Amino acid sequence: MKSLSVGTSTLYMTMASVGQKIISFVYFAIIARSLGAGDTGKYFFALSFTTIFVVFVDMGFTNVLVREGARLKQKISDIISSVLYVKIFLSLGSYIVMAGVLLMLNHEFETQTLVLISGITMLFDSLQTTLYGALRAVGNVKYEALGILVSQLVTLILGTIFLYFKLPLYFLMIAFLIPSILSSVFAGYIAHSRYAIRLRPRYVREIVRYLIPITIPFALATIFGRILSYADSVMLSKMAGDVAVGWYSVPYKIAYAFQFIPFALIAGLYPRLSEYFVDDTKRFSEVFNQGLRYLLLVSIPLSVGIVVLSTDIIYTFFGNEYEGSIVPLQILMFGIVPSFMNILLGALLNAAGRQNMQTAIIGSMMCVNIVLNAFLIPKLGPVGAALSATIGNWLITGISWVVVVRTVVLEHVKNAWLIGKLLISSAVMSAGVMYMGIFDISVMVRALVGACIFGCVFILCRGVTHEDIAYFKSLKT
C-alpha cells in the first residue's frame with residue numbers, strides 16, 4: 001500500500017488532533033466544573049503521576065521503531081515483534097514500581113485507586129502508540145488519526161454519563177481505559193490486515209541487539225522529557241495540596257491542548273527527515289525550514305491571543321473558582337513558542353542521529369526544572385510551577401538551536417522576516433481584541449474576530465508567498 005506524503009500525513013493528523021483536542025477541552029471543562037478544584041486536583045495528579053511512570057514501558061522503542069522501520073521497511077515485522085517482546089517485561093516492571101512508589105507517598109485510598117486504574121490505561125496507551133508507530137513507519141497515519149478522534153469521543157460520552165449519575169471518581173479513569181483497549185485492538189488489526197505486519201511478541205536476537213544501543217539515548221530523552229513535563233504537578237500535590245493542583249491543571253491543559261499542532265506536523269515529518277538525512281541533505285534542510293515557519297505561524301499569534309483573552313477564558317469556561325488559574329495561564333502561554341520549537345528541534349536531532357545530544361539537553365533541563373520547582377512552588381504555588389515550565393522551555397530552545405545550526409542549513413533572513421510580520425500582525429490583533437472587550441463582547445466572538453484581523457494584516461504584510469504555497473503543494477507529490 002502506498003505511503004502518504006508529508007502534506008497529506010500532516011493534514012490527517014492535524015484534522016484528527018484538532019477534533020480530539022476540542023473534545024478533550026470540552027470534557028476537561030465539564031470535569032472541572034462538576035468536581036471543583038479539589039477533586040480535579042486529585043484527578044489531574046493521578047494522570048500526571050502515571051504518565052511519568054508509563055514512560056518506562058516504552059523506553060524510546062517507539063521512536064526507534066518509526067525511524068528504523070522507515071529505513072528498513074522489509075524488516076518492520078521483526079522490529080515490532082522484538083519491541084513488543086521487550087515491552088511485556090517493561091510493562092510489568094513499570095507498573096510494580098509505580099504501585100510501590102504510590103504506597104510510599106501515602107496518599108489517601110481514593111487517590112491510590114485513581115492512580116492504579118490510570119496505570120492500566122497508560123499501559124494500553126503505550127501499546128497502541130507502538131502499533132500506530134509501525135503504521136507511521138510505513139507512511140500511513142490516517143488510521144491513527146481516526147483512532148485518536150474516536151477514542152476521545154468515546155471517553156467524552158462515557159465520562160459525561162458517569163458524571164451525570166455521580167458515580168465514584170475512579171469511573172473517570174474507566175472512561176479512559178475502555179477506549180484505550182479498543183484503540184489498541186483497532187491499531188493491531190489494521191497493521192496486520194492491511195500491511196501484513198506480524199504482531200506476535202518474539203525475541204529476535206539480532207534485532208534486539210541492534211535496537212537496544214540505539215534506544216538508550218531515546219529512552220533517556222523520553223524519561224527526562226516526561227519528568228520535565230509532569231514533575232511540577234506531582235511536586236505541587238505534595239507542597240501545595242489538591243486545590244493548587246486543580247488551579248494549575250486548567251492552564252496546563254489549555255497549553256497542552258495545542259501541542260497537537262507540532263505533533264501532527266512531526267507525525268508526517270519525522271519519517272521523512274530520517275529518510276532525507278541519509279538520501280537528500282538539501283531536501284532535509286528544506287523540509288525543516290518549512291516546518292519551522294509553519295510552527296512560528298501558528299504559535300506566535302496563538303500565544304499572544306490567549307494571553308489577551310486569558311481572564312475571560314477562565315471565567316467563561318471554568319468559573320470563578322478557578323481565578324487562581326489566570327496568571328499561570330498567561331505565564332505558560334509565553335512558553336508556547338519555544339515548546340512548539342522544541343518538538344521540531346528534537347525530531348531533527350533524532351532523525352540526524354544526534355539523539356545523544358538531545359538526551360543531554362533534556363536531562364540537564366529536567367534537573368534545572370526540578371530545582372526551580374522546589375524553590376518557586378513553596379513561595380508562589382501554581383504561579384511558580386508555570387514560571388519553572390516556561391523558563392525550562394526557553395532554555396531548551398536556546399541550547400538546541402546552537403546544536404541545530406551545525407546540522408541543517410537555516411534560512412535566517414527569511415525566517416526573521418516572517419517573525420517580524422507575525423509580531424506586527426499579532427500586535428494589531430491584540431489591539432482589536434482588547435478594544436472589543438470594552439463593549440462586553442463574548443470571548444468566542446472576540447477570538448474569531450481577532451483571528452480574522454490577524455489573517456488580514458498578515459496577508460497585507462505578504463506573510464504568505466507564492467513560493468510557500470507552491471512548496472506545500474509539492475509535499476502532496
Test: Ser48 is of a type in the set (Gly, Ala, Ser), over 23 Å from Ile174 (Cα atoms) and surrounded by 20 or more Cβ atoms within 10 Å (Cβ to Cβ): no
Residues (surrounded by fewer than 21 Cβ atoms within 10 Å (Cβ to Cβ) and of a type in the set (D, E, K, R)) located in the range 214-241: Arg226, Lys238
Selection from the range 242-257 of residues that are within 17 Å of Ser299 (Cβ to Cβ) and surrounded by fewer than 22 Cβ atoms within 10 Å (Cβ to Cβ): Tyr256, Ala257
Filtered residues of the range 251-271 (kept if within 30 Å of Arg71 (Cβ to Cβ) and touching a helix residue (DSSP H, G or I) at 6+ places or on another chain (Cβ under 6 Å)): Phe260, Ile261, Pro262, Ala264, Leu265, Ile266, Ala267, Gly268, Leu269, Tyr270, Pro271
Exclusive hit being within 24 Å of Arg67 (Cβ to Cβ), buried (at least 21 other Cβ atoms within 10 Å of the Cβ) and of a type in the set (S, T, N, Q), set Ser285, Ser274: Ser274
Yes/no for Glu110 being more than 24 Å from the chain's Cα centre (by Cα), assigned to a helix (DSSP H, G or I), within 30 Å of Asp39 (Cβ to Cβ) and among the acidic types (Asp, Glu): yes
Checking Ser34 against (1) at pLDDT 90 or above; (2) among the small types (Gly, Ala, Ser); (3) closer than 20 Å to Ile227 by Cβ, the condition it does not meet: (3)
Flag for Val327 being surrounded by fewer than 21 Cβ atoms within 10 Å (Cβ to Cβ), of a type in the set (Val, Ile, Thr) and modelled with pLDDT of 95 or more: yes
Residue satisfying condition, being under 25 Å from Ile326 (Cα atoms) and crowded, with 18+ Cβ neighbours inside 10 Å, within set Leu387, Leu448: Leu387
Residues located in the range 398-423, provided they are in a helix (DSSP H, G or I), buried (at least 19 other Cβ atoms within 10 Å of the Cβ) and among the β-branched types (Val, Ile, Thr): Val404
Scope the range 287-334; condition of a type in the set (D, E, K, R) and more than 24 Å from the chain's Cα centre (by Cα); matching residues: Asp312, Glu321, Glu323
Top-ranked residue in the range 236-267 [being of a type in the set (Ser, Thr, Tyr) and in contact (Cβ under 8 Å) with a residue 24 or more places away in the chain; ranked as farthest from Arg293 (Cα to Cα)]: Ser237
Inter-residue pairs, beta-carbon under 7 Å, first within 30 Å of Ala137 (Cα to Cα) and in contact (Cβ under 8 Å) with a residue 12 or more places away in the chain and in the range 78-102, second basic (Lys, Arg) and surrounded by fewer than 17 Cβ atoms within 10 Å (Cβ to Cβ), 6+ apart: Ser81/Arg198; Ser81/Arg200; Ser81/Arg202; Ser82/Arg202; Tyr85/Arg202
Residue in the range 193-201 that is part of a helix (DSSP H, G or I), within 28 Å of the chain's Cα centre (by Cα) and more than 23 Å from Phe25 (Cβ to Cβ) present: yes
Those residues of the range 172-192 which are free of Cβ contacts under 8 Å to residues at least 12 places away in the same chain and within 13 Å of Ser77 (Cα to Cα), in sequence order: His192
Residue check, Thr215 of a type in the set (Ser, Thr, Tyr) and either closer than 25 Å to Glu321 by Cβ or modelled with pLDDT under 85 (or both): yes
The range 84-109 - residue that is in contact with a helix residue (DSSP H, G or I) (Cβ under 7 Å, 6 or more places away or on another chain) and under 17 Å from Tyr170 (Cα atoms) and, of those, surrounded by the most Cβ atoms within 10 Å (Cβ to Cβ): Leu102
Search result, residues across the range 138-167 that are in a loop (DSSP other than H, G, I, E, B) and either in contact (Cβ under 8 Å) with a residue 40 or more places away in the chain or under 21 Å from the mean Cα position of the chain (by Cα) (or both): Val138, Gly139, Asn140, Val141
All positions within the range 157-210 that are surrounded by fewer than 16 Cβ atoms within 10 Å (Cβ to Cβ) and under 14 Å from Ser81 (Cα atoms): Ala196, Arg198, Arg200, Pro201, Arg202, Tyr203, Arg205, Glu206, Arg209
The range 40-92, residues that are polar (S, T, N, Q), over 30 Å from Val278 (Cβ atoms) and under 19 Å from the mean Cα position of the chain (by Cα): Ser48, Thr50, Thr51
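The values are calculated or read from the model by the stated rules, or taken from the named source; none is laboratory data. The shown structure was predicted, so the numbers you read here are calculated from the model rather than taken from an experiment. Quick reminder, even Gly has a Cβ in these numbers, built from the backbone with ideal geometry, and neighbours come from all protein chains shown.
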